[in-house]
Amino acid sequence: MFVAALIIAATTHAQIVEKKSLNLDGAKKAVAAAVDYAKKNNAPGGVIAVVDEGGNLMALERLDGTFAMGATISVGKARTAVLFKKPTRFFEELINKGRTAMTAVDGFTPLIGGIPIIVDNQVVGGIGVSGAASANQDEELALAGANALTGGAAKIDMPAPTSNEKPRSAPPGTTAQATFIDNKQVAAAFAKGMPLLETAGYKVHASRRAEPGQAEIHTLDTDVVYVVDGSATLVTGGKAIDTKEIAPNEIRGSKIEGGEEHHISKGDAIIIPNGVPHQFTAVKGELHYFVCKPTAVVTSTQISQR
């Protein structure tokens, strides 16, 4: 009987997997780190949500001035990241490359800004952010929160090219499809400051800014900016200080030294080539501006240097 009991105990133990879990203190620590990053980097707002490994909400904080829907979106990003065990950027990039069928998945929020929290190769939770200055800044805040628990191990995985990926330009004899976005969708995008369309070859953003921002360098994207409303001071050129890569081909810094100052307002257009530092150092009221971002082709030289 004793031997049989040992066998049963051993079998039962073999059928049980030990899992790490995120507790409430950990969730609060992730939120605090994201909030701290937002304040240090002039985020105009943001809702930070942390969920457990099952996608259940554990902690949520909404910064002053953030649009109300940001709470729902941030929870959706966190749940998507944890249930699929991938940053939500992965899915937005895939959809932009033509995998639109993925949008039919129930409870799926394929918007940049969701990061899984992984400890010892186990997904213990997820963090999602919505309502910062841009999709990239949403992601920066989420990474800051995740890294508070993982010691800086959180990173962004990009989707691998697929065999059915659409080419940059239509082959001879075919017609590219136009995209129509009605005025209600455009107005809603400006209210939040979010992308209207993103593809492998170009992006179109309806951007909103209420406060100064970081120095930015896009190594592949050229920014073609058209101001719709408001005014601001934009510095271009010079040298970005305290730089770090926050995502593939995206660099941020604390400030620019030696740049040229421009006072921009409604109707102005600015073209900032890829690789040129730029920074909004002052904003009067609320700035709304279209940004079209043609993306340069990555060369083999650029790949070997990264």
From the square roots a ≥ b ≥ c of the eigenvalues of the alpha-carbon gyration tensor of the stretch 24-97, which class results: rounded (a/c under 1.5), prolate (a/b over b/c), or oblate? oblate
Value in Å of the Kirkwood radius, where the stretch 171-293 supplies the Cα pairs that are averaged: 15.3 Å
Rh_Kirkwood(the stretch 78-152) over Cα pairs, Å, one decimal, evaluates to 12.4 Å
Alpha carbon centre of the stretch 122-142 versus the stretch 200-260: separation in Å? 19 Å
By the scheme Lys and Arg +1, Asp and Glu -1, what is the net charge of all other residues having a beta-carbon under 13 Å from that of Gly275? -3
Any idea of the accessible area per residue across the stretch 186-250, 1.4 Å probe, to the nearest Å²? 38 Å²
Given a Förster radius of 25 Å and the C-beta distance between Asp242 and Asp25 as r, what FRET efficiency does 1/(1 + (r/R0)^6) yield to the nearest 0.05? 0.25
What do you reckon, how do Lys284, Lys29, Lys192 stack up by accessible area (1.4 Å probe), largest on top? Lys284, Lys29, Lys192
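The values are calculated or read from the model by the stated rules, or taken from the named source; none is laboratory data. Everything numeric in this text was worked out from a predicted model, so none of it was measured. For neighbour counting, all protein chains shown are included, and Cβ atoms are generated from backbone atoms with ideal geometry for every residue, glycine included. The accessibility values were calculated without ligands, DNA or RNA, using every heavy atom of the protein model including side chains. Shrake-Rupley method; radii C 1.70, N 1.55, O 1.52, S 1.80 Å.
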